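Encoded as structure tokens, the structure appears first; notes follow it.
What follows is calculated from the coordinates using simple rules that are stated; it is not laboratory data. Owing to the predicted nature of the structure, the values given are computational and were not obtained by experimental measurement. Using ideal geometry, Cβ is built from the backbone for each residue, glycine included, and neighbour counts are taken over all protein chains shown.
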2 protein chains.
Amino acid sequence: MKRVAESTIRRLSLYLTALEEIGARGTRTVSSEELAQLGGTTSAQVRKDLSVFGSFGKRGLGYSVAELTARLRSILGLGRRWRVCIIGAGKVGAALAQYPGFPERGFDIVAVYDTDPARIGERWGDLKVRDAASLEADSSALNCDIAVLAVPASAAQRMAERAVAAGVRAILNFVPVQLSVPRNVAVRNVNMAVELEALSFALTNRG
Amino acid sequence: MKRVAESTIRRLSLYLTALEEIGARGTRTVSSEELAQLGGTTSAQVRKDLSVFGSFGKRGLGYSVAELTARLRSILGLGRRWRVCIIGAGKVGAALAQYPGFPERGFDIVAVYDTDPARIGERWGDLKVRDAASLEADSSALNCDIAVLAVPASAAQRMAERAVAAGVRAILNFVPVQLSVPRNVAVRNVNMAVELEALSFALTNRG
DNA sequence: TCCTGTGAAACGGTTCACAGCC
DNA sequence: GGCTGTGAACCGTTTCACAGGA
């Protein structure tokens with residue numbers, strides 16, 4: 001497949017959210033202009049983004065909401081459910097484990113790990129916190145696609161490597177550390193400090 | 001001030017995290033190459049990023065860790081504490097209210113709001129959940145700089161407008177909705193669905 | 001007429017490469 | 001000799017503008 005920009009994927013996801021919203025309201029058809037407003041871009045951008053994957057619209061008419069929704073879901077790989085494990089049973093891990101957005105969007109949390117004996121064995125809803133020592137041993141039974149990393153910075157690289165050894169092919173990293181992983185493993189960083197400091201910068205330099 | 005790219009600010013924040021780390025280890029001096037590795041970029045990028053704000057290094061020697069840390073903190077506006085309110089006392093709001101990273105980084109949570117009578121009045125540590133109806137009335141007493149938005153999608157735009165009316169000049173938006181606010185209000189979006197779907201895409205198109 | 005799809009132009013960010021200073 | 005600071009070249013993304021189909 002043709003090289004696709006990171007930013008394009010990000011926007012496709014936003015378009016999908018918008019489409020699901022307007023689909024739920026019963027609207028049948030949408031123009032690139034409307035989609036652009038809902039996604040916070042321009043109509044040309046919407047058309048360019050979609051054109052990477054094909055021609056889904058009808059000239060003079062716009063896009064079928066139902067069809068475009070299905071296309072985007074398929075492009076983004078949402079036609080199946082993904083198996084997710086959370087590594088690190090601290091505050092962030094706990095919040096994520098409870099977050100309904102994961103299962104709603106097709107991401108099932110199938111395990112939670114920690115190294116702290118005080119936490120291992122704790123009941124978290126349907127799950128029990130497992131010993132991170134069994135990460136690799138669990139891999140064939142649990143078969144996780146994605147690891148959510150929420151451990152102290154000092155443990156992040158090591159745990160990422162172990163997750164990869166356990167067969168994980170994507171990492172959602174909440175730790176403010178630059179992970180080094182094989183190129184075939186996808187990593188997304190979520191760094192609250194960066195977001196806060198970007199706001200701080202904006203407030204300082206215009207406010 | 002010269003126009004600064006979003007991406008530059010994001011990286012400055014990463015450099016700062018790295019610098020604090022290596023400063024704590026007692027290292028006195030750092031080269032753009034080392035900083036690049038810790039921040040996940042290239043040495044040329046580090047130098048370009050810094051050059052926007054001045055010349056902080058010594059040719060042949062590198063950068064003083066202490067001085068560069070101080071400079072970055074100043075550039076990012078971290079020389080003071082910021083007042084933050086959380087709007088929406090649901091799961092996400094609760095998790096954020098407890099998150100130690102906020103106060104550690106200089107962001108004090110001074111209020112939590114909700115519209116649900118069942119939640120209003122609840123004790124959250126030092127805070128009590130306040131009625132969102134009093135947002136504007138509270139503004140002179142609380143004087144929030146930043147609002148963290150964690151409400152249902154249908155309420156997001158309305159609450160953002162009320163936060164702005166209450167004097168907030170920056171919004172950290174956890175709701176998957178494109179907010180429309182005056183241009184002098186800074187907005188950062190944190191959208192978990194986008195991150196997950198980007199991983200899903202990556203898994204589908206190479207895995 | 002309306003709106004998509006898409007080459008071409010414009011823009012902005014990244015990388016290169018080297019002069020300049022320690 | 002080593003490493004910064006920076007103009008210039010490069011490259012990918014966004015915007016423009018319009019041909020073409022409903």
Loop-resident sites, the range A:105-207, for trypsin sites (Lys or Arg not before Pro), counting at most 15 other Cβ within 10 Å (DSSP) = A:ARG183, A:ARG206
ask   = What size of dipole, in debye to the nearest 20, comes out for the range A:6-75 about its Cα centre when the only charges are +1 on Lys and Arg C-beta atoms and -1 on Asp and Glu C-beta atoms?
value = 180 debye
message = Charges at C-beta only: +1 for Lys and Arg, -1 for Asp and Glu. How large is the resulting dipole of chain A about its Cα centre, in Debye rounded to 20?
response = 760 debye
Square roots of 5 times each gyration tensor eigenvalue, C-alpha, the range A:92-207, largest first, Å = 27, 17, 14
message = With +1 on the Cβ of every Lys and Arg and -1 on the Cβ of every Asp and Glu, and nothing else charged, how large is the dipole of the protein assembly as shown about its Cα centre, in debye rounded to the nearest 20?
response = 1260 debye
query = What's the FRET efficiency of A:ASN205 with B:ARG59 using the Cβ-Cβ distance as r and R₀ = 30 Å, to the nearest 0.05?
reply = 0.60
inquiry  = If I model a spin label as a point 7 Å beyond the Cα along the Cα-Cβ vector, how far apart are those points for A:ASN184 and A:ASP126 in nm?
reply    = 3.0 nm
Per-residue [θ]222 nm for chain A (sum of -39500 (n - 2.57) over DSSP H runs n ≥ 4, rounded to 500) = -13500 deg cm²/dmol
query = Taking the range B:1-32, which trypsin sites (Lys or Arg not before Pro) meet the DSSP loop condition and have no more than 12 other C-beta atoms within 10 Å?
reply = B:LYS2, B:ARG3, B:ARG25, B:ARG28
request  = Based on a Kirkwood Rh over C-alpha pairs, give the Stokes-Einstein translational diffusion coefficient of the range B:6-75 at 4 °C and viscosity 1.567 mPa s in µm²/s.
outcome  = 111 µm²/s
key: 3J(HN,Hα) from dihedral phi, the range A:44-54, Karplus parametrisation 6.51/-1.76/1.60, rounded to Hz, x for glycine, proline   = 4, 5, 4, 5, 4, 4, 6, 5, 4, 9, x
key: Residue (of A:PHE174, A:ILE146, A:CYS85) at the positive-pole extreme of the range A:82-193, dipole from beta-carbon charges   = A:PHE174
ask   = Under Stokes-Einstein, with the Kirkwood radius over Cα pairs standing in for Rh, what whole-number D in µm²/s applies to the protein assembly as shown at 25 °C and 0.890 mPa s?
value = 107 µm²/s
inquiry  = Which residue in B is nearest the B/A rotation axis when you measure from the C-beta atom, and what is the distance in Å?
reply    = B:ALA95, 2
key: Phi to ³J(HN,Hα) by Karplus 6.51 cos²θ - 1.76 cosθ + 1.60 over the range A:17-24, Hz, x for Gly, Pro   = 4, 4, 4, 5, 4, 6, x, 5
ask   = On average, how many beta carbons from a partner chain sit within 10 Å of the beta carbon of a residue in B:182-194?
value = 5
